[in-house]
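Q: Pasting a structure here, questions to come.
Each value in this text was obtained by applying a stated rule to the coordinates, not by laboratory testing. Owing to the predicted nature of the structure, the values given are computational and were not obtained by experimental measurement. All Cβ positions, even for glycine, are placed from backbone atoms using ideal geometry, and neighbour counts span all protein chains on display.
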Amino acid sequence: MRDVAVVSFSYSTVAKEQMRNEVEMLAPVITEAIDASGIARSDIGFTCSGSFDYLQGGPFSFVMGLDAVGAWPPIRESHVEMDGAWALYEAWIALQTGEVDSALVYGFGKASQGNVHEIMSLQLDPYYVAPLWPSMVDLAALQARAYLDASGRSERDLAGVVAQAMRSARDTPQAIRSGEPSIEDLLASPYVASPLRDADIFPTTDGVAVIVLAAGDLARSVNKRPAWIRGLDHRIEPHSLGARDLTRSDSTALAAKHAGVASGPIDVAEVHAQFSHEVLILSEALGVDPSIVNPSGGPLAANGIMSAGLVRIGEVARRIMDGTANRGVAHATSGPALQQNLVCVLEGE
Amino acid sequence: MTEPLVARHSLEYPGGYTRSVGEVVGRYLTGLRDGRIEGARLADGRVLVPPTEYDPLTSAAVSVDDFVEVGPAGTVVTWSWVANPRAEKHALDRPFAFALIRPDGADTSMLHMVDVSTPEEMSTGMRVIPHWRSDRIGGVSDIEAWRPYKDGDPIPEVPPLPFSENMGDSVTGIVTSGRLDYEIAAGESTTRFLLGLAEGKIIGGKAVGSDDVYAASRGTDPTTGAPTSISVDVSDTGVITTFCIVNIPGLSDLAPEIPYVSAQVLLDGANNTFFGLIRGCSVDEVRMGMRVKAKWLEKLTADHGSIEWWEPTGEPDAEYADYKDYL
Amino acid sequence: MSKNAVAVVGVGQTHHRSSRKDVSMAGLVREAAVEALEDAGMTWSDIDAVVVGKAPDMFEGVAMPELYLADALGAAGKPMLRVHTAGSVGGSTAIVAAKLVQAGVHERVLTVAYEKQSESNATWGLSVPMPFSPPLVAGAGGYFAPMIRAYMTRSGAPRESGHLVAVKDRLNAVRNPRAHLHMPEITLKMVEESWLLWDPLRYLDTCPSSDGAMAMVLGSEKVAAAAPNPVAWVHGMAMRSEPTMFARRDQINPQAGKDCAADVYRQAGISDPRRDLDCAEVYVPFSWYEPMWLENLGFCAEGDGWKLTAEGATAFDGDIPWNPSGGVLSSNPIGASGMIRFGEVAQQVRGAAGGHQVELKTGKALGHAYGGGSQFFAMWVVGAKKPE
């Protein structure tokens, strides 16, 4: 495969953005990422974004988003109705064909404008499940209990995951939540959907994230230490929760195998765990120790819908580019209860 | 900084989506209407409930010939508690549990609700039995919810449906509805534009380093992505660049009586066109190049509706050369 | 680095109808996918990855429906992508799928695009009123009809130019059993007397609303060599976008369309598309877009598109048939419409188009899709022979 690297990454998050629309949120972050990449806007070879019409409650969210890019003269451009991590996958493919040497990737969404927990019900089997309106939190809680029952772990372990995430998030400017909660305080708080409590569930977040990719010599010429993509793979599982083993993430494990996670030591992992139990399930699937997972605090600290998966890749890349890590793994998810998962291995040179 | 404009928005397809379901889903829903839970036996011998149209693992087509009855009792595989049911969405108006339930004789589980008063009554592995509605229509809510069941107790009767002419017919479709509610923020540029309308002014925006004025801007000059940070007053007069005459009634709540003209108007002092209705003359008199002026609403508000329509000024038409680059 | 060759090794599509009440959404996409697999001589387990495309989720009210469709499309344990680029999506989805092979990442990729518009109403889905946005008072036709008037003024095209296309494409559809509209009795007079919806646009100048799906299996050179049926080789593919609205935007002859065509012709070695192609399937949802796109795609000089149509050059027996399948004017499941264009030209160069097969001379054909307010474009050129 062709050598492709992350050469710049920017993102922003806010709990509820009432002043700016999506274009106004995106434009400065795109400009910041392009400026930091060392590649001129007009030299970017390919542009790909991820967004979700149901977050804005109307069709064609990506059409408006393009106003933030400066698509003139006309550009090579595409869009996935998926997290920006999959937009990065499509861009990586475009770079692999050799037809372009650089790509701009972004994901964006304002989850605070609607009830994102409820909106995600519309992802479910339209005949058998969606009419019952289980929210994404309800479904996560079903998975959490199945996992706790099977693993012998307890709600105290989930609180431990939350406490670690909150402590880590203190150093992340984009964190919506951070702090030093005690396990006892966490366990004393009420359930939102038993066995999950508020702190086990991602905070509603409006966010945008932008990554610039470059291939080979271009990456080396614009960045002292690019974060090279050494493996990138994604896999989906059957849709129905009742037809899957909810206590594990087979598709993550499969993607990790194809991405070559185990072929070297992992210094850092960022996983798109929107619920505390998912940190444990995903760590097991990736074969990494939970203590090195989500040094940014992860999605429990800030979870821009449609950008948080891309942020995981960016957070790992950032640590490689600044030399604090040498080899890391990033993960993104889509669909109810971890139905679809992407794994990206990044490495410094 | 001005207060942001925020508005409520609802998304709901009027009347609900009409879903045709095909043979396999139709057979399952027909069974529910008739008070029966069925699964499908897969090639590997497992019984799939609910019977989706395709084997989740192999993707082989599931056949109605392989349907087998399961349950009615079942076992809770996992569950979560819903303390605050949502009106208009959830079938129960009291707290309940969502659960994955494996009916007896099935190898997979189905998502449904368990009707108990408190989460203390729920446990993984508990036995449950469906409580059927008496007004079943062929949908997953024909089971109102599942209730705790003690093995050996009599199986509750399925209440008979009232007689209807099509009671023997197979279910071929369902209707699914549901409203999603939003609060949408206008954004800085649109707020500036709309607050201008409330004062009878059209405020455009342009980016540093460009002469192109956008009314209304969505925040950037789309050719560069640069913010339209400079406000520019734009005239409320302009030129019809092109138009159509609409002869279909009722295309939107805002549509006037037919025939009417929908046009693209290039404002004096702006560099993009926008859509407006043309009135104040017969539709046959409207032409490309015609000069028009905004007809403002008596009571101005921060809304596009503040300009009711555009009407001819009576000035000589613009030359084609003056607006041909805006088509 | 050199790209890997890509071939269409299987094509399948549904019978497009105003309402496919006999199937679920999964059943609809499955029908097209199974036909494509059978054409390719493959089973589900042969497929490495699945790429799904469709227009806005609100048409069917299922968010990211590829998640639910994973089982129907044999995707368990495989990569699955979902593309959404407005009306061009069927084309861009095929391109994303082809690039997976071109990049050397996969050998066999299944791609499917669909729309089941009868679940709701496309007019509603396309124009959900949003707060603070200028209201779309007069529907989609109210957006496009003024552009058609502008085209007529700019080019001097007579009023019947569009109507001729409306007749031609419906007569082509009679040759295509999969087409939604079958109107063997259609005449120019009928079009001219049909309801003048958005003057200058008449009822019979517009596309129908359809349920339908299109699927293709794309394969590597090795896969193509083992294919049981003739394959269509991808000679070039390109996508271009420009902003929806900007100063001095040419909405009639958009630069993005011109650039996209130039790119795809360069890759495919096309210097004169009218001469070098055997046919084209072009996204024409309103009849007038044939003359407009004839110019945009370089089949003639600017201003001359309507003359080609009037001369019969684009007719089934003309020198460069456009939309021999009947086109979007005869079948329009929006999300699939672009992929139907891409798949139909593959069938043509494979010699597998059946009743609407054109005569093959150069063995190359153009598939085209566009979307939004003519700001998103996707195109490919396929050929009977492997590119050099």
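Q: Under a straight-distance cross-link criterion of Cα-Cα below 13 Å, which aspartates and glutamates are reachable from residue C:361, leaving out those fewer than 8 residues away in the same chain?
A: Leaving aside aspartates and glutamates fewer than 8 places away in the same chain, those within reach of residue C:361 are C:276, C:278, C:319.
Q: Could you give me D for chain A, from Stokes-Einstein at 37 °C and 0.692 mPa s, where the hydrodynamic radius is the Kirkwood radius over C-alpha pairs? Units µm² s⁻¹, please.
A: Once the numbers are plugged in, D ends up at 165 µm²/s.
Q: Taking the square root of 5 times each eigenvalue of the Cα gyration tensor, what semi-axes in Å does the equivalent ellipsoid of chain B have, largest first?
A: Output for chain B: semi-axes of 61, 24, 19 Å.
Q: Right, here's the next one. Give C:54/C:99; B:201/B:293; B:89/C:54; C:54/C:168; C:364/C:386 a once-over and call out the pairs whose C-alpha atoms are over 22 Å from each other.
A: B:89/C:54; C:54/C:168
Q: For region B:161-218, what are the per-bin percents of Cα-Cα distances with bins 5 Å wide, up to the bin holding the maximum?
A: All Cα pairs, binned at 5 Å, distribute as 4, 13, 13, 11, 8, 6, 6, 5, 5, 5, 5, 9, 7, 3, 2, 0 percent.
Q: If you line up the long axis of helix C:334-350 against the longest principal axis of chain C, both from Cα atoms, how many degrees apart are they, to the nearest 10?
A: It works out to around 70 degrees.
Q: Taking +1 at the Cβ of each Lys and Arg and -1 at the Cβ of each Asp and Glu, which of B:145, A:276, C:174 sits farthest along the dipole of the protein assembly as shown towards its positive end, judged by Cα position relative to the Cα centre?
A: Toward the positive end, the furthest listed residue is C:174.
Q: Based on the alpha-carbon gyration tensor of region B:1-147, what equivalent-ellipsoid semi-axes (square roots of 5 times the eigenvalues) come out, in whole Å, largest first?
A: Semi-axis lengths for region B:1-147 are 31, 22, 16 Å.
Q: Residue A:110: which lysines have alpha carbons under 18 Å from its alpha carbon, excluding same-chain residues fewer than 8 sequence positions away?
A: A:16
Q: Just want to confirm a number: the relative contact order over chain C, from Cα pairs under 8 angstrom separated by 6+ residues, in percent.
A: 26
Q: Let me ask something additional. Using 7 Å Cα-to-Cβ label points, what is the residue C:18/residue C:182 separation (nm, one decimal)?
A: 1.6
Q: Using only the alpha carbons of chain C, what is the convex hull's orientation-averaged projected area in square nanometres?
A: The number I arrive at for chain C is 18.0 nm².
Q: Can you check what the net charge comes to around residue A:226, using other residues whose Cβ is under 11 Å from the Cβ of residue A:226 (Lys, Arg +1; Asp, Glu -1)?
A: Result for the neighbourhood of residue A:226: -1.
Q: While we're here: Enter the angle in degrees (range 0 to 90, nearest 10) between the Cα long axis of helix B:22-33 and the first principal axis of the Cα atoms of chain B, meaning the one along which they spread out most.
A: For B:22-33 against chain B, the angle is about 60 degrees.
Q: I would also like to ask the following. Pop a pseudo-label 7 angstrom from the Cα along the beta-carbon direction at both residue A:225 and residue B:135 and give the gap in nm to one decimal.
A: About 6.8 nm, to one decimal.
Q: In deg cm²/dmol and to the nearest 500, what is the mean residue ellipticity at 222 nm of the protein assembly as shown if only DSSP H runs of at least 4 residues count, each as -39500 (n - 2.57), divided by the residue total?
A: -7500 deg cm²/dmol
Q: Between region B:51-126 and region C:199-275, what is the C-alpha centre distance in whole Å?
A: 46
Q: For residue A:188 and residue B:282, FRET efficiency with R0 = 60 Å and r from the beta-carbon atoms, rounded to 0.05?
A: Efficiency, from the Cβ-Cβ distance: 0.20.
Q: In addition: What three numbers, in Å, describe the spread of the alpha carbons of region B:173-308 along their principal axes, ordered from the longest?
A: Ordered largest first, region B:173-308 gives principal extents of 53, 46, 32 Å.
Q: So if each residue of separation counts as 0.36 nm, and I subtract the Cα-Cα distance between residue B:301 and residue B:117, what length gain in nm does that give? If you can, show how the numbers build up before the last one.
A: Values: separation 184, 0.36 × 184 = 66.24 nm, distance 5.01 nm.
Extra length from residue B:301 to residue B:117 when fully extended: 61.2 nm.
Q: At a Förster distance of 25 Å, what's the computed FRET efficiency of residue B:235 paired with residue B:6, Cβ-Cβ distance as r, to 0.05? Intermediate results must be reported in sequence, preceding the final value.
A: On the way: r = 30 Å, r/R0 = 1.18.
For R0 = 25 Å, the calculated efficiency reads 0.25.
Q: Pairing the Cα long axis of helix A:22-37 with the longest principal axis of chain A, what angle in degrees results, from 0 to 90 and rounded to the nearest 10?
A: Once rounded, the angle reads 60 degrees.
Q: Averaging over every viewing direction, what projected area does the convex hull of the Cα atoms of region B:237-327 cover, in nm²?
A: Result: a mean projected hull area of 6.3 nm².
Q: What is the Rg over Rh value, at two decimals, for region C:1-160, using alpha-carbon atoms and the Kirkwood definition of Rh?
A: 1.06
Q: Which of rounded, prolate or oblate describes region B:71-183 when judged by the alpha-carbon gyration tensor and an a/c cut-off of 1.5?
A: oblate
Q: Please arrange C:148, B:101 by how many other C-beta atoms lie within 10 Å of their C-beta, fewest to most.
A: Least crowded to most crowded, the residues run C:148, B:101.
Q: Rounded if a/c is under 1.5, else prolate if a/b beats b/c, else oblate: with a ≥ b ≥ c from the C-alpha gyration tensor eigenvalues square-rooted, which is the protein assembly as shown? List each step's numbers first, then the result.
A: Working: a/c = 1.42, a/b = 1.32, b/c = 1.08.
Rounded is the answer for the protein assembly as shown, as its axis ratio a/c remains below 1.5.
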